[in-house]
Structure formats: structure tokens, C-alpha cells
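Taking it in order: structure first as C-alpha cells, then the write-up.
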Amino acid sequence: MELRQLRQVIVLSETLNFHRAAERLHMAQPPLSTSIKKLEEELGVLLFDRLSTGLRLTAAGEAVLQNAKRALFFVDEVRRAARDGVAGEEGLLRIGFVGSATYSLMPQIVRSFHRQYPRVDLEIEESTTTELLRRIEDHSLDLALVRHPVLTPTAAQLTVLQLDHLVLAVSADSAFAQRSEIAIAELEGEPFVAYSRTLVPTMHVLTMQVFQDAGVQPRITQEAVQVQTILGLVESGLGMALVPAVVQRYASNGVRLIPLTDMPSKYTVGIAMASLPDALTPAARNFIAVAHAAVHPSATQPPAQSS
């Protein structure tokens with residue numbers, strides 16, 4: 001059985017005439033008759049009754065006709081999916097993200113991408129930067145939004161999407177809560193909630209370096225992985241913390257974020273897109289383009305930096 005025979009059955013059922021069906025199929029009548037006869041022999045049933053007034057579908061022919069239409073529909077769907085897949089308009093895209101990317105960047109990009117490519121299925125997972133980079137490198141994720149900078153070696157290319165700076169998070173009842181700004185040097189001996197040195201090593205090293213440059217020896221009382229957890233511990237009064245300023249719009253009333261007057265400009269943090277350029281699918285390339293357009297609408301090329 002061939003697809004061309006199914007098409008012939010459909011056209012012949014519409015015309016109920018070999019001559020007219022052959023014309024519509026742009027073929028001669030004898031080959032069409034032969035093709036239908038061979039199909040009937042293969043199936044072991046008559047599809048059409050040959051009457052003196054023309055053709056009539058048999059009961060078997062009616063059943064075959066419905067399934068032939070269904071089969072050709074799915075063949076067309078396969079062709080369309082192949083075309084859309086090449087264009088990145090269909091398929092599965094696996095994206096990882098760090099928790100702090102959900103404050104503004106992730107929803108903004110995903111909303112824009114879904115609007116432009118509604119037939120691409122997104123499989124989204126949250127994890128740490130270290131784990132996400134490992135997943136990129138072993139090809140179990142297509143893209144990841146990770147915390148920038150990345151201090152450990154990685155094969156992934158990092159494209160900075162959002163830059164930010166660190167601020168001091170304190171509980172609303174802290175002695176520092178009413179300050180409009182504060183110097184890191186004033187925080188000697190204060191309790192701090194730090195990023196996990198094992199699970200979030202880059203942010204741990206970065207914040208410890210900030211203290212070291214200011215000549216401050218922080219008293220670490222707790223460690224946590226996600227910024228949301230750190231803010232919760234700060235609100236609970238277990239210590240203060242250095243966090244990205246972007247969390248301001250989502251911090252609860254129980255937390256105050258205070259600018260730091262002596263924060264060196266070299267300690268810029270942010271979110272970067274991690275990818276393996278040689279392994280990008282068309283859908284992944286489209287996601288990167290949408291992400292860049294969302295955060296840099298006036299730019300023409302994304303500011304990429306590789307590690």
C-alpha cells in the first residue's frame with residue numbers, strides 16, 4: 001500500500017468516475033484503474049462497485065476512505081512539523097533557570113517567546129548555576145539562565161542579559177532598617193546569611209570577597225541556596241545578607257534593602273544565558289533572539305562572553 005493509492009481512493013470516491021478522477025490526478029485512466037485494482041487485491045476487498053451508471057463505494061470502501069483521509073492528514077502533519085521544526089516553530093525546548101531569574105527576566109522572556117512560538121513546548125527546570133552549567137554541558141538542557149559572573153571553568157558560552165548590583169538586606173526591625181545607605185565597613189561582627197559555599201560557590205566567593213576588600217570579617221550564621229530562602233531567613237531575624245537589587249520589587253514588608261556606599265563597581269552581578277553554540281536547535285536560537293530582544297530592544301547583537 002502506498003500513499004499515492006490512498007490519494008487515488010479519496011479522489012475516486014469524490015468523483016465516482018475513473019475518467020474524471022484520472023484527470024484530477026493528472027494521470028491516464030488505465031494506470032489509475034490498475035492501481036485501485038492492485039490495492040483491492042492487497043486488501044482482499046472491493047472498494048468500489050463497478051455499475052453501469054458509474055462507481056459506488058462499498059462498505060469496505062467507506063471504512064478505507066475514512067482511514068485514508070486520516071492517514072493523509074497525519075502525513076501532512078508530519079511534513080508541517082518537519083518544516084516548523086527546521087524553523088524552530090515547533091518541538092521541545094528544555095530550559096533551566098536560577099531562582100533569581102524569576103523576579104523579572106524569566107517571565108518576560110517566556111511570555112514573549114510563547115506569544116511568538118506557541119507550538120514550541122517548554123520544559124522548564126529550576127536549579128543552581130553549577131548544576132545548570134553541568135546540564136548544558138551534558139546536553140540534557142538546551143539553554144539556561146544562570147547567575148553571572150561564573151568563576152568556575154565551563155564549556156558553555158555565556159551571554160549577559162541583565163546586570164545588577166548587590167545591596168544589603170536586613171529585617172524590618174533591624175537597627176539598620178531606617179538607614180538610607182550604609183558602608184560595608186560598618187558591618188563588622190554583624191550576623192550574616194551567606195550563599196552556600198558548596199551549592200552556590202560563585203556567589204559565596206563573590207560576597208566573601210566584598211567583605212574581605214572592605215576589611216570586614218562577617219559572622220556567618222546560616223547558609224542558603226536560593227535568594228528567596230535567604231530573604232526569608234533575613235526576615236526571620238537570623239542575619240543580614242548581600243542580595244541582588246532586583247529582588248526589591250518582590251521583597252516582603254519584613255525586609256529592607258539598603259544601598260551600599262562603598263561597593264566596588266567590579267562586583268557587578270546579573271543573569272546570563274548559557275548555551276553550547278554548536279548544539280543549538282532552531283527553537284533554542286529563536287529563544288536566544290527573543291531573550292536578547294526583550295532585554296536589549298535597541299541593540300542588534302547580543303553582548304556574548306565565553307568561559
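The values are calculated or read from the model by the stated rules, or taken from the named source; none is laboratory data. These numbers were taken from a predicted model, which means no experiment stands behind them. Virtual Cβ from ideal backbone geometry, glycine too; neighbours counted across all protein chains shown.
Things worth noting here:
- For region 223-232, a residue qualifies if it is crowded, with 20+ Cβ neighbours inside 10 Å and closer than 14 Å to Phe192 by Cβ, and the qualifying residues are Ala224, Ile230, Leu231.
- Residue match in region 235-256 (condition: part of a helix (DSSP H, G or I), at pLDDT 90 or above, out of contact with any helix residue (DSSP H, G or I) (no Cβ under 6 Å at 6 or more places or on another chain) and buried (at least 17 other Cβ atoms within 10 Å of the Cβ)): yes
- Enumeration of residues in region 89-139 that are in contact with a strand residue (DSSP E or B) (Cβ under 7 Å, 6 or more places away or on another chain) and of a type in the set (Gly, Ala, Ser): Gly91, Gly96, Gly99, Ser100, Ala101, Ser127
- Subset of region 160-174 that is over 27 Å from Leu238 (Cα atoms) and crowded, with 20+ Cβ neighbours inside 10 Å - its residue that is nearest to the chain's Cα centre (by Cα): Leu161
- Test result for Val200, in contact with an Asp or Glu (Cβ under 7 Å, 6 or more places away or on another chain) and surrounded by 20 or more Cβ atoms within 10 Å (Cβ to Cβ): no
- Test for Thr130: is it among the β-branched types (Val, Ile, Thr), touching a helix residue (DSSP H, G or I) at 6+ places or on another chain (Cβ under 9 Å), surrounded by 15 or more Cβ atoms within 10 Å (Cβ to Cβ) and free of Cβ contacts under 8 Å to residues at least 40 places away in the same chain: no
- Any hit, region 266-281, residues being part of a loop (DSSP other than H, G, I, E, B) and over 29 Å from the mean Cα position of the chain (by Cα): yes
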